[in-house]
Amino acid sequence: MKLDADLLAAFKWNEQDLIPAIVQDAGTREVLMMAYMNAASLQRTLDLGEAVFWSRRRQELWHKGATSGNTQCVVEIRVDCDADTLLLLVEPAGPACHTFEHSCFFRNLEEFAAEPQRF
């Protein structure tokens, strides 16, 4: 699928021309991570069939798993009711989190509050 100007205009991009993308395991429905996408990363995701995001820190496209091998094969992309958030249903090829946890959401609030050093 090729993104056209009309479709891109239908999304509610933030002031940096980004849209939040929630990543969910297509099989288990567990939320794995959240990242941001721009028009280029969304198109690259559609072209590759694997998740590609925009790294706000590095200011560049980020192909999830390109260095670690923990890619995310995209099964489906959904758009929320306000067109301001995407949901990527994926088949993960390894942990989603850079800490090697299966999901980035591996701690509850109490565990986070008790940590002496936070990320």
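This table checks each residue for (1) among the basic types (Lys, Arg); (2) in contact with a strand residue (DSSP E or B) (Cβ under 7 Å, 6 or more places away or on another chain); (3) closer than 24 Å to Asp6 by Cα.
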position: Met37; (1), (2), (3): no, yes, yes
position: Ala51; (1), (2), (3): no, yes, yes
position: Lys64; (1), (2), (3): yes, yes, no
position: Glu76; (1), (2), (3): no, yes, yes
position: Ala83; (1), (2), (3): no, no, yes
position: Leu86; (1), (2), (3): no, yes, yes
position: Pro92; (1), (2), (3): no, yes, no
position: Ser103; (1), (2), (3): no, yes, no
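State which residue pairs qualify: first residue within 17 Å of Ala96 (Cβ to Cβ) and inside the range 70-82, second residue in a strand (DSSP E or B) and among the charged types (D, E, K, R) in any location, beta carbons under 8 Å apart, and separation of 6 or more residues or different chains.
Listed by first residue and then by second, the contacts come to Thr71/Glu50; Gln72/Glu50; Gln72/Glu91; Cys73/Glu50; Cys73/Glu91; Val74/Glu50; Val75/Glu91.
Which of the following residues is without any contact (Cβ under 8 Å) to a residue 40 or more places away in the chain and surrounded by 16 or more Cβ atoms within 10 Å (Cβ to Cβ): Ala93, Ala21, Ala40, Ala35? I'd like the intermediate steps shown before the answer.
On the way: Ala93 fails: surrounded by 16 or more Cβ atoms within 10 Å (Cβ to Cβ); Ala21 fails: without any contact (Cβ under 8 Å) to a residue 40 or more places away in the chain; Ala40 fails: surrounded by 16 or more Cβ atoms within 10 Å (Cβ to Cβ).
Only one candidate qualifies: Ala35.
State all residues of the range 52-74 that are assigned to a loop (DSSP other than H, G, I, E, B), farther than 14 Å from Val23 by Cα and not β-branched (Val, Ile, Thr); if no residue qualifies, say none. Spell out the reasoning first.
Looking only at the range 52-74, we keep the residues that are assigned to a loop (DSSP other than H, G, I, E, B), and these are 56-59, 64-71.
Now drop any that are not farther than 14 Å from Val23 by Cα, which leaves 56-59, 66-69.
Those that are assigned to a loop (DSSP other than H, G, I, E, B), farther than 14 Å from Val23 by Cα and not β-branched (Val, Ile, Thr): Arg56, Arg57, Arg58, Gln59, Ala66, Ser68, Gly69.
What are the pairs, 6+ residues apart or on separate chains, where a residue within the range 6-17 that is in contact (Cβ under 8 Å) with a residue 40 or more places away in the chain has its Cβ under 7 Å from a residue that is exposed (fewer than 11 other Cβ atoms within 10 Å of the Cβ)?
Between residues of the range 6-17 that are in contact (Cβ under 8 Å) with a residue 40 or more places away in the chain and residues that are exposed (fewer than 11 other Cβ atoms within 10 Å of the Cβ), the close pairs are Lys12/Asp82.
Restricting to the range 1-37, and then to whatever is part of a loop (DSSP other than H, G, I, E, B) and hydrophobic (A, V, I, L, M, F, W, C), can you tell me which residue is nearest to the chain's Cα centre (by Cα)? First the steps, then the outcome.
Taking the range 1-37 as the starting set, the residues that turn out to be part of a loop (DSSP other than H, G, I, E, B) are 1-4, 11-18, 26-30.
Narrowing further to those that are hydrophobic (A, V, I, L, M, F, W, C): 1, 3, 11, 13, 18, 26.
Numbers: Met1: 19, Leu3: 18, Phe11: 16, Trp13: 15, Leu18: 12, Ala26: 13 Å.
This residue is Leu18.
Among Ala83, Ala96, which is the only one that is part of a loop (DSSP other than H, G, I, E, B), more than 11 Å from the chain's Cα centre (by Cα) and of a type in the set (A, V, I, L, M, F, W, C)?
Every option except Ala83 fails the conditions.
In this structure, does Glu111 turn out to be touching a residue at least 24 places away in the same chain (Cβ under 8 Å) and not hydrophobic (A, V, I, L, M, F, W, C)?
Numbers: touching a residue at least 24 places away in the same chain (Cβ under 8 Å): no; not hydrophobic (A, V, I, L, M, F, W, C): yes.
No; evaluated as a whole, the condition is false for this residue.
Restricting the search to the range 43-58, which residues are in contact (Cβ under 8 Å) with a residue 40 or more places away in the chain and either within 9 Å of the chain's Cα centre (by Cα) or more than 17 Å from Val75 (Cβ to Cβ) (or both)? Please lay out each step first, then the result.
Restricting attention to the range 43-58, the residues satisfying the condition of being in contact (Cβ under 8 Å) with a residue 40 or more places away in the chain are 43, 45-46, 56.
Answer for the range 43-58, where residues must be in contact (Cβ under 8 Å) with a residue 40 or more places away in the chain and either within 9 Å of the chain's Cα centre (by Cα) or more than 17 Å from Val75 (Cβ to Cβ) (or both): Gln43, Arg56.
What about Ser55, is it out of contact with any Ser or Thr (no Cβ under 8 Å at 6 or more places or on another chain), surrounded by fewer than 16 Cβ atoms within 10 Å (Cβ to Cβ), more than 25 Å from Met1 (Cβ to Cβ) and small (Gly, Ala, Ser)? Don't jump to the end; show me each part of the working.
Details: out of contact with any Ser or Thr (no Cβ under 8 Å at 6 or more places or on another chain): yes; surrounded by fewer than 16 Cβ atoms within 10 Å (Cβ to Cβ): yes; more than 25 Å from Met1 (Cβ to Cβ): no; small (Gly, Ala, Ser): yes.
Spelling it out, it is not the case that Ser55 is out of contact with any Ser or Thr (no Cβ under 8 Å at 6 or more places or on another chain), surrounded by fewer than 16 Cβ atoms within 10 Å (Cβ to Cβ), more than 25 Å from Met1 (Cβ to Cβ) and small (Gly, Ala, Ser).
Since every read-out is calculated from the coordinates, none of them should be taken as a lab result. Because the structure is predicted, anything quoted here is derived from the model rather than measured. All Cβ positions, glycine included, derive from the backbone under ideal geometry; neighbour counts span all protein chains shown.
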